[in-house]
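Some notes on the structure that comes next.
What follows draws every value from the coordinates through simple rules; no lab data is involved. This is a predicted model, so every value here is computed, not measured. Neighbour counts run over all protein chains shown; Cβ positions are idealised from the backbone, glycine included.
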């Protein structure tokens, strides 16, 4: 080959890449520090499972299969590239132990050709989705097709090199079966032509690898490099926990940001997320706001942030040079505010239901909810700009401890005549029933609380409630960006719970469940927290509750986002329903971790929905009715939930569709009915 040309090519290729990568590195580190080196063993295991093992890809159908093929092929053929670069200096180079007659060499030859063909197959699948089917979720650019052509050419050129080399040398290695089969078509070619084909295959593969490498930092395919570290450095805290803002009063005095208003307020992992977006669109496909015609598209939110970041690279590099590498000084960039009509419209942020469907779908573990909430924090606490309806909720939470401004003394009205004691009346309770605002005040949710109390008494559970001492957990305030109000409520509740030495809490509201379990530990409130469906399923399993009365109905169960995707409680509600005689459980198309949001999360319950083609609850109701209407008809049908917010939204959805014959009940109501209570 040509040692001089190979040296020049490698020096130029790797030199330019290192230069580009350093610029991206400096840009990524403009934000505040974020420790992500804890639990290295767990991080490595997750990386092996989801990044190397591609564990999420099978859920994406043929496109997922194609990605597995291409990714696996790249891992196997990386070794081939090293061997070919070595052959630029020594034509017989085989990385010492991978010669054609050596055991490892023979094994690798089979893998190499197999995966080269699999990569070609994967590329053709991708080309079909991009060029023929034109999937709407994808970003259709010339860049995407160019990358596919480069990958395809790399694989073909490698096989062509093997085939031409076999014919010229007369050493046919049948174990390299792709090259061997192609060599049969080249046997009659003149030696001069074969020499050209051999050189062409060799240099095209060797050079295209370097060209491909240098395109990565400037394209969405940068994820090929950043995906592994992005998975490794994922957040290992509970997904239902938002990071608190500490020392808010001190931050105000020091004029430090209370949220994200500029691009350099995002920490390095957030910026690594931006680098890692593959623009596959799966996040937006599953986003309930996007599905119902709102402005919010998680994919485009990430792209806009990334483009905005890139537009300031020159300024960041100059700052890095002038400060000796210190680019972390807050707000030294001349960056425009992130939330503006020119970049990210406020309407985009307020459309988010915080359901995490986007994060559940993302194959590279990009987070969206934390970024959106941080920008909401800026709007609410620094600019006092938020939907007008939230003002009523904030006022009620601050003055009355609930978003509807009901008097605290009425918190126990739902329990009249039910043998329910307060913690002050019965301090020796075993379990505290955290009722929540909706079950305490909403007419429909009150029935859930009453049914649950009856079942607890029926099973002999020693429980109590806080009554007027209970205030809202602050979930809606926090998701709406009012971190100050949330922390005030959290500290007040933790003080009350700790005063009663509470050890175990059960709640019928997934939002309360998530906040008490995952967020109150940051404020000194560490308790065993269970959802009512988990507790009831356990009581049914151990025979303390025996559903005996038949309910002859088709029932479809709607997964609450804060119970399912946030806390992985999927089976308990279904186990309860299956234990009820006569119930036929039918699953909607979008179910379990792909269940669509009802539209109430992220403080949407307390504000008008953003403009769109239809309301989120109407679309989810349509999906649930579809499976009920398609099921063989029986005595009746119902939509079951395990969340008071979902109950409200889906009841309204059924009313909008004038489907009064379809009941909407909490799982606990169905269990109580079957138990005869």
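Sticking with the crude label model, points 7 Å out along Cα→Cβ, report the distance from residue 410 to residue 49 in nm, one decimal please.
Computed distance between label sites residue 410 and residue 49 equals 4.7 nm.
Can you compute the helix-only [θ] at 222 nm over the chain? Use -39500 (n - 2.57) per DSSP H run of at least 4 residues, normalise by all residues, nearest 500 deg cm²/dmol.
It comes out at -15500 deg cm²/dmol, rounded to the nearest 500.
Starting from the Cα of residue 4, step 7 Å along the direction of its Cβ; do the same at residue 37; then give the gap between the two resulting points in nm.
Label-label distance for residue 4 and residue 37, simple model: 4.7 nm.
How far, in degrees from 0 to 90, does helix 177-186 lean away from the longest principal axis of the Cα atoms of the chain, to the nearest 10?
The angle comes out at about 40 degrees.
Compute the helix-to-body angle for 443-458: its Cα long axis versus the longest principal axis of the chain, expressed 0 to 90° and rounded to tens.
Orientation of helix 443-458: about 80 degrees from the principal axis.
Determine the percent antiparallel among the DSSP beta bridges restricted to region 545-675, to the nearest 5.
Antiparallel bridges: around 0 percent, rounded to the nearest 5.
Going by C-beta contacts inside 10 Å, put 629, 264 in order with the fewest on the left.
Lowest to highest Cβ neighbour count: 629, 264.
Mind giving me the nanometre distance, one decimal, between the label points for residue 318 and residue 246, set 7 Å out from Cα along Cα→Cβ?
Taking the simple label geometry, residue 318 and residue 246 are separated by 3.5 nm.
Compute the separation of the alpha-carbon centres of region 457-493 and region 226-240 and state it in Å as a whole number.
A separation of 29 Å, based on Cα centres.
Can you tell me which of 161-168, 297-304 comes out highest on packing, and rank the rest after it, using the mean Cβ neighbours within 10 Å?
161-168, 297-304
For the Cα atoms of the chain, what angle does the longest principal axis make with the long axis of helix 616-630, in degrees from 0 to 90, nearest 10?
The angle comes out near 90 degrees.
What ranking of 674, 354, 7, 660 emerges when the number of other C-beta atoms within 10 Å of each C-beta is taken as an exposure proxy, fewest first?
By the 10 Å Cβ count, ascending, the order reads 660, 7, 674, 354.
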